[in-house]
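A.B. asks: Starting off with a structure, shown below.
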Amino acid sequence: MDLLLQSARIADDAPLVDIGVDDGLIVEISDRASPRAATTIDCAGRVVIPGLIEAHLHLDKALLDKEQPNRDGTLAGAIEVTGALKRQFTAESVRQRARQVIEQSIINGTTLIRAHPDVDPIVGLLGVDVLVDLREEYRGQVDLQIVAFPQEGILKAPGTQELLAEALRRGADVIGGCTYNEANLADCHRHVDVVFGLAEEFGVPIDMHADFADDASDPRFALAEQIAEVTVRRGMSGRVTLGHMTSLAGRDADDRKSALADLAAAGVAVVPLPATDMHLGGRDDTHNVRRGVVPVADMWAAGVRCAYSSNNIRNAFTPYGNADMLDVGLLLAQVSHVSGAPGLARVLDMATYSAAAVVGVDDRYGLAPGCRADLVVLSTDCVADVLLDRPDRCFVIKGGRVVAHTTRTSQLTEVIHA
Ligand SMILES: O=c1cc[nH]c(=O)[nH]1
C-alpha cells in the first residue's frame with residue numbers, strides 16, 4: 001500500500017476509519033487496515049474530506065487589484081478596468097499570477113480548478129495558451145479544466161467566435177459564454193446559439209456566465225428559461241453550467257421557483273459566486289442593499305445541481321480572496337441564511353460531491369474504495385464544523401500523493417489570565 005491514513009473521521013455518527021491508498025486510488029476504508037504502507041499519516045481523529053473543487057476561477061485575471069482597482073465598484077467598471085489592463089498582459093505576467101493562485105489553491109485543499117481565461121480580440125488566446133502549459137506543469141498536483149470564456153461578448157466583439165473555436169482546437173476543455181455582455185436580446189439569443197453550436201462541433205460541455213444583474217427587468221438578464229429550453233432541444237442535459245445567475249434573486253418567489261424548476265428539469269447546473277456577486281451587486285440601492293446571490297435554499301428545493309466558487313481573486317471584480325473554498329463556503333452560508341448541521345453539510349457538498357458532478361468528474365470522486373485518492377486532512381474533529389472551524393489543511397493529497405501540508409509551529413494557544 002502506498003499511503004495509509006489512520007484514525008480518520010469521515011462521519012460524525014460513525015467510528016474512526018483507516019483509509020488505504022494504492023496507485024492513486026482509495027483501496028480500503030475499514031476500522032483497521034493493514035499497517036504496512038510506504039507512508040502512514042496518523043489523523044488522530046481529524047476529519048478527512050474529498051478534495052475541494054473550485055468550479056469557476058479566472059486565473060488569468062487574478063491579483064490585478066494593486067495595478068488598478070475598480071473605481072465605481074460595478075460590473076461594467078470591472079470589465080472596463082480589466083479590459084484596459086489586459087492590453088498589457090504578457091504570457092509571463094499571466095503565468096506568474098496564475099501560478100500564485102494555483103499554489104494557494106493547492107495549499108487550501110483544492111484538487112481541481114475549472115479556470116475561465118478570457119478569449120477575445122484584446123488578449124486573443126494568451127490566457128488559454130498559458131493555462132494549457134500550466135495544466136501540464138501542475139498535473140499530479142491539481143487538475144485544471146480550461147473554459148474558453150468570451151468576456152467581451154461574441155456578437156459585440158467580432159472575431160471572438162473564430163478565437164473560441166481555435167481555443168478549443170488548442171486544448172480548452174469547455175466552451176464558455178457571457179450572455180449578459182451583448183447589446184440586445186436578439187444578440188443574447190445568437191450568443192447562446194453560437195455557444196451550443198461550438199459545444200456540438202467540438203463535443204465539449206458548456207459553462208456560461210448568465211443573468212448577472214440585480215433583477216430580471218431587462219430580458220437580456222433573464223435567459224434562464226431560454227437556456228433550459230435550448231439545452232433540452234439540443235440534447236445537452238447534464239452538460240450545461242451557468243455562473244452567477246444573480247437576477248434570480250431579484251425575481252418574485254413564484255417566478256424564481258418556475259425558472260429554477262425549468263433549470264432542474266433541463267439538467268442545467270448553477271454556480272453562485274458569492275464574493276463577486278455581493279461585491280458588484282446592489283450598487284444602485286440606496287437602502288436595503290440587495291445581497292445579489294441566487295438563493296441556495298431555493299436551488300436545493302428545486303433540485304438544481306449546484307456548486308459555488310471564488311470566481312476572482314483580488315481584482316476589479318472581487319477585491320478579496322485567498323483561493324480558499326472553505327472561506328467562500330462560510331460566506332455563502334452567512335449570505336444565504338444557512339445554519340445548522342444539515343444546511344452547512346449541503347454547502348460543503350457544493351464544494352465537493354455536487355461540484356464534482358457539475359464539472360463532470362463524479363464517476364470516481366469521494367470517500368469510497370475505487371475513488372481517486374484526492375483527500376484533505378483538516379484540523380477539526382467534527383465534520384459538521386468544517387466550515388465553522390476554519391480548519392488548517394494539514395495534508396492535501398492528490399492522486400494518493402501528499403502535495404501540500406500545513407504544520408503549526410505550536411499547537412498550544414491559551415488565554416493569559418491576569
Ligand atoms: O463577467 C465576469 C463576471 C465576473 N468575473 C469575471 O471575471 N467576469
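The values are calculated or read from the model by the stated rules, or taken from the named source; none is laboratory data. Please read these numbers as outputs of a predicted model, since none were measured by experiment. Virtual Cβ from ideal backbone geometry, glycine too; neighbours counted across all protein chains shown.
A.B. asks: Do we find that Ile146 is surrounded by 22 or more Cβ atoms within 10 Å (Cβ to Cβ), without any contact (Cβ under 8 Å) to a residue 40 or more places away in the chain and in the same structural domain as Ile79 (by TED's automatic domain parsing) in this structure?
C.D. replies: Yes.
A.B. asks: Can you tell me which residue within the stretch 283-295, out of those that are surrounded by fewer than 18 Cβ atoms within 10 Å (Cβ to Cβ) and in contact with an Asp or Glu (Cβ under 9 Å, 6 or more places away or on another chain), is nearest to Arg346 (Cα to Cα)?
C.D. replies: Here the answer is Arg291.
A.B. asks: Going through the stretch 30-59 one residue at a time, which ones are in contact (Cβ under 8 Å) with a residue 24 or more places away in the chain, farther than 17 Å from Ala404 by Cα and surrounded by fewer than 22 Cβ atoms within 10 Å (Cβ to Cβ)?
C.D. replies: Scanning the stretch 30-59 gives Ala33, Ser34, Pro35, Arg36, Ala37, Ala38, Ala44, Gly45.
A.B. asks: Checking Gly292 against (1) modelled with pLDDT under 95; (2) away from the ligand (no atom under 16 Å from the Cβ), which test does it fail?
C.D. replies: (2)
A.B. asks: Additional query: Is it true that Leu248 is in contact (Cβ under 8 Å) with a residue 40 or more places away in the chain and touching an Asp or Glu at 6+ places or on another chain (Cβ under 7 Å)?
C.D. replies: yes
A.B. asks: Shifting gears a bit: Of the numbered conditions (1) over 17 Å from Ile206 (Cα atoms); (2) without any contact (Cβ under 8 Å) to a residue 60 or more places away in the chain; (3) hydroxyl-bearing (Ser, Thr, Tyr), Thr160 satisfies every one except a single condition; which is it?
C.D. replies: Tallying (1) over 17 Å from Ile206 (Cα atoms); (2) without any contact (Cβ under 8 Å) to a residue 60 or more places away in the chain; (3) hydroxyl-bearing (Ser, Thr, Tyr), Thr160 fails exactly one: (1).
A.B. asks: Sticking with this structure for a sec: Please state which of the following conditions Val27 fails to meet, knowing it meets all the rest: (1) surrounded by fewer than 23 Cβ atoms within 10 Å (Cβ to Cβ); (2) in a strand (DSSP E or B); (3) within 27 Å of the chain's Cα centre (by Cα).
C.D. replies: Against the list (1) surrounded by fewer than 23 Cβ atoms within 10 Å (Cβ to Cβ); (2) in a strand (DSSP E or B); (3) within 27 Å of the chain's Cα centre (by Cα), Val27 comes up short only on (3).
A.B. asks: Looking at this structure, is Arg135 within 14 Å of the ligand (Cβ to nearest atom), buried (at least 17 other Cβ atoms within 10 Å of the Cβ), assigned by TED's automatic domain parsing to the domain that holds Thr318 and basic (Lys, Arg)? Steps first, answer last, please.
C.D. replies: Values: within 14 Å of the ligand (Cβ to nearest atom): no; buried (at least 17 other Cβ atoms within 10 Å of the Cβ): yes; assigned by TED's automatic domain parsing to the domain that holds Thr318: yes; basic (Lys, Arg): yes.
Judged against the criteria, Arg135 is not a match.
A.B. asks: Could you please find all residues in the stretch 379-401 being closer than 23 Å to Cys306 by Cβ and either in contact with a His (Cβ under 7 Å, 6 or more places away or on another chain) or crowded, with 21+ Cβ neighbours inside 10 Å (or both)?
C.D. replies: Val386, Leu387
A.B. asks: Then there is this: Residue check: is Asp374 crowded, with 23+ Cβ neighbours inside 10 Å, acidic (Asp, Glu) and within 20 Å of the chain's Cα centre (by Cα)?
C.D. replies: Yes; evaluated as a whole, the condition is true for this residue.
A.B. asks: Can Ala172 be described as away from the ligand (no atom under 15 Å from the Cβ), within 19 Å of Val270 (Cα to Cα), among the small types (Gly, Ala, Ser) and within 22 Å of the chain's Cα centre (by Cα)? Break it down stepwise before answering.
C.D. replies: Numbers: away from the ligand (no atom under 15 Å from the Cβ): yes; within 19 Å of Val270 (Cα to Cα): no; among the small types (Gly, Ala, Ser): yes; within 22 Å of the chain's Cα centre (by Cα): yes.
Judged against the criteria, Ala172 is not a match.
A.B. asks: If you take just the helices (runs of 4 or more DSSP H) that sit entirely in the stretch 302-395, which of them hold at least 1 residues that are among the β-branched types (Val, Ile, Thr) and touching a helix residue (DSSP H, G or I) at 6+ places or on another chain (Cβ under 8 Å)?
C.D. replies: 325-335, 340-349, 386-389
A.B. asks: Please identify the pairs in which a residue from the stretch 171-200 that is under 17 Å from Arg220 (Cβ atoms) has its Cβ atom under 6 Å from the Cβ atom of a residue that is polar (S, T, N, Q) and within 16 Å of the ligand (Cβ to nearest atom), counting only partners at least 6 apart or on another chain.
C.D. replies: From residues that are under 17 Å from Arg220 (Cβ atoms), the pairs are Cys178/Gln151; Cys188/Thr179; His191/Thr179.
A.B. asks: Quickly run through the stretch 268-282 and pick out the residues that are more than 25 Å from Ala228 (Cβ to Cβ) and either within 12 Å of the ligand (Cβ to nearest atom) or touching a helix residue (DSSP H, G or I) at 6+ places or on another chain (Cβ under 8 Å) (or both).
C.D. replies: Ala275, Met278, His279
A.B. asks: Tell me whether the stretch 93-115 contains one or more residues that are within 17 Å of Asn312 (Cα to Cα) and modelled with pLDDT under 95.
C.D. replies: The answer is no; no qualifying residue exists.
A.B. asks: State whether the residues of the stretch 157-164 include one that is among the polar types (S, T, N, Q) and either within 25 Å of Leu326 (Cα to Cα) or at pLDDT below 95 (or both).
C.D. replies: No: the stretch 157-164 contains no residue that is among the polar types (S, T, N, Q) and either within 25 Å of Leu326 (Cα to Cα) or at pLDDT below 95 (or both).
A.B. asks: If I ask for residues that are within 27 Å of Gly238 (Cβ to Cβ) and within 16 Å of the ligand (Cβ to nearest atom), which ones from the stretch 152-166 would you list?
C.D. replies: Passing the criteria: Gly153, Ile154, Thr160, Leu164.
A.B. asks: Just give me the residues in the stretch 335-366 being of a type in the set (A, V, I, L, M, F, W, C) and over 20 Å from the mean Cα position of the chain (by Cα), in sequence order.
C.D. replies: Hit for the stretch 335-366 is Ala341, nothing else.
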